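Structure record follows, encoded as structure tokens.
The values are calculated or read from the model by the stated rules, or taken from the named source; none is laboratory data. It should be emphasised that the depicted structure is a prediction, and the values quoted were computed from it without experimental measurement. Neighbour counts are summed over all protein chains in view; Cβ atoms, including those assigned to glycine, are modelled from backbone coordinates with ideal geometry.
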Amino acid sequence: MDLKQQVAQVIHSSIETSLSIEEIQNLLEIPKHDGHGDIAFPTFVFAKELRKAPQAIAQDLAPQMQGEIVDHVEAVGPYINFFLNQTLITQAILEEIYQAGEHFGELAIGHGENITIDMSSPNIAKPMSMGHLRSTVIGNAIANIATKVGFNPIRINHLGDWGTQFGKLIVGYKKWGSEEAVRANPISELLKYYVKFHEEAEKDPSLEDEGRLWFKKLEDGDQEAYELWDWFKNESLKEFQRIYDMLGVKFDSYNGEAFYSDKMPAVIDELEAQGLLKIDQGATIVDLEAYNLNPALIKKSDGASLYITRDLATAIYRKETYDFSQSLYVVGNEQSNHFKQLKAVLELMGYDWAKDINHIPFGLITQDGKKLSTRKGNVVLLEEVLNDAIDLALKQINEKNPDLANKEQVAHQVGVGAVIFHDLKNDRLNNFDFNLEEVVQFEGETGPYVQYANARAHSILRKANFDPAAIAEGSQFNLESEEAFQVLKELNRYPEIVASAYEKYEPSVIAKYLLSLSQQFNKYYAHTRILTEDEQLTARLALVYAMTKVIESGLAILGVEAPTEM
Ligand code: ARG
């Protein structure tokens, strides 16, 4: 129920005004203070028209505001504060959530259009880092949000499986590696070669040339190079898959950079034909001075392709294959220049859909304030983080609820959910510090706190043998409690929260909302004996049930599971 819209209608029909309902609606505010009612209307807008002070206008107009959903109004300073008819609104909101069930919050902003979402996209032969975790969970949540508002997301894992680093890796393997070692411990072993390569190359720069040469061989289809690359890639994918399974994230495509290696020449030809290419110190570039950007490096002097060349081919392929209405790239903030260049080159090539390309950047995860980086081997292995989180969750369950039946499973849901939630509750552009102990707390602004509120609600419903199907159409939900009304108003905000998360591509809007909803619910729970047998029992249970529906929907969007007991 759109309360602001309802109040705007009341205002519109109660007084003479040139403002439209929508204009009035946009002026309405939600008072910060409980005593100021449910919705406030600032009367400043009329000051000029009526040549009166807003305080006086509020006093004059307040008595005229009349409508079914208004219980009473108060003029406070320049504001008219609306106190709504709780009985009527309670009834309307609970009915709405009941009828919608898990569809509550769905919006028809999209009409089935495709949105491609480039997400996760780790680099082969390196461990998946916390940065890739961010891309994976943010991308997955944005895809879920897109679904909720009517689009068809396509999750694409643009694997980093092509580029000079594979030349370096082959050199490293040939110099210091062994087959058994790689088979036994693929990623950590391959990472060793990569780290060692960089250490040695500082002393002996000719190694860099060797690395470039091997990548050139790979691009030219050399068999030995190809077989090593293919093997490294398959071993890496197996390890990544374990992590995706833990996170519960699936992809529609794993077409990575290598997939585009045979699609680049066509792009380069097209650039050439349009006269966009220039030779600069032996390298082939597209000048982007007009965009105030550095030139895009399309081909190195040895002819090897580059990251952006592959991204150009990728963007065109995606448009041809999916005819997207939006093409999103969930990639760290540090690559924003790259995506500006990509967009600019596509625009120069005359693709009007370049405007639909949107880089969704995010900040760094730090540890003790320091950036995590693979190259120096200073890496937090994501799988270890997840496993530690699960252990911590199990420890807490053992303390709080030792008799819980499926402890291991719940610990998995809570541990993994905690890591995902922690990542998503921060505005995605913020850098944040990762401290596992804090992340897996059952109290505070954490995923387990939200999961726990939901599990507690379920335990109430179980005790009451509550059967949602038994609630007849036309049931009266009479709830005379201020705390209950606060929870209700919060539940009612869910659709607008989903819309705002979509508009900003910002899952944190949902995570923060779930925290606030859980807090409201816990307040209600602390204040009210929900299971007391009286004439409001059904209404209270209906509220608790509606709360579980909204929390579960929100957590599902974030990719966090919701155990019904923990
Ligand atoms: N593999 C890259 C990295 O880890 C991210 C790829 C992002 N996607 C893209 N189409 N460029 O830095």
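Within this structure, Ala469 fails the test of being under 19 Å from Tyr98 (Cα atoms) and either among the hydroxyl-bearing types (Ser, Thr, Tyr) or at pLDDT 95 or above (or both).
Yes/no per residue for (1) in contact with a helix residue (DSSP H, G or I) (Cβ under 8 Å, 6 or more places away or on another chain); (2) closer than 19 Å to Leu517 by Cα:
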| site | (1), (2) |
| --- | --- |
| Gln413 | yes, no |
| Ile420 | yes, yes |
| Asp433 | no, no |
| Leu436 | yes, no |
| Gly444 | yes, yes |
| Tyr449 | yes, yes |
| Ala455 | no, yes |
| His458 | yes, yes |
| Arg462 | no, no |
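Only one entry in Asn140, Asn114 is more than 16 Å from the ligand (Cβ to nearest atom), at pLDDT 95 or above and not assigned by TED's automatic domain parsing to the domain that holds Leu191, namely Asn114.
Could you tell me whether Asp356 is crowded, with 16+ Cβ neighbours inside 10 Å, of a type in the set (Asp, Glu) and within 12 Å of the ligand (Cβ to nearest atom)? For Asp356, the condition - crowded, with 16+ Cβ neighbours inside 10 Å, of a type in the set (Asp, Glu) and within 12 Å of the ligand (Cβ to nearest atom) - is not met. Out of the stretch 336-345, which residues are buried (at least 20 other Cβ atoms within 10 Å of the Cβ) and away from the ligand (no atom under 13 Å from the Cβ)? Hit for the stretch 336-345 is Val345, nothing else. Against the list (1) in a loop (DSSP other than H, G, I, E, B); (2) crowded, with 21+ Cβ neighbours inside 10 Å, the condition Ala108 fails is (2). List pairs: first residue in the stretch 505-533 and touching a residue at least 24 places away in the same chain (Cβ under 8 Å), second residue in a helix (DSSP H, G or I) and of a type in the set (D, E, K, R) anywhere in the structure, Cβ distance under 6 angstrom, at least six positions apart or on different chains. Sorted first by the residue in the stretch 505-533, then by its partner, the pairs are Ser508/Lys425; Ala511/Lys425; Leu517/Glu490; Gln520/Glu490; Lys523/Glu483; Tyr524/Glu483; His527/Glu483; Ile530/Arg540.
Given the structure, is Asn123 within 16 Å of the ligand (Cβ to nearest atom), of a type in the set (S, T, N, Q) and either modelled with pLDDT of 95 or more or within 26 Å of Leu558 (Cα to Cα) (or both)? Yes, satisfied.
Report whether or not Arg212 is within 16 Å of the ligand (Cβ to nearest atom) and either buried (at least 17 other Cβ atoms within 10 Å of the Cβ) or hydroxyl-bearing (Ser, Thr, Tyr) (or both). When the stated conditions are applied, Arg212 does not pass them. Per the listing Asp245, Asp204, Asp252, the residue uniquely within 16 Å of the ligand (Cβ to nearest atom) and more than 17 Å from Phe166 (Cβ to Cβ) is Asp252. Once the stretch 306-333 is narrowed to residues that are surrounded by fewer than 22 Cβ atoms within 10 Å (Cβ to Cβ) and under 18 Å from the mean Cα position of the chain (by Cα), the residue that is modelled with the highest pLDDT is Gln326.
Condition first: modelled with pLDDT of 90 or more and surrounded by 17 or more Cβ atoms within 10 Å (Cβ to Cβ). Can you find one or more residues in the stretch 364-373 that meet it? No.
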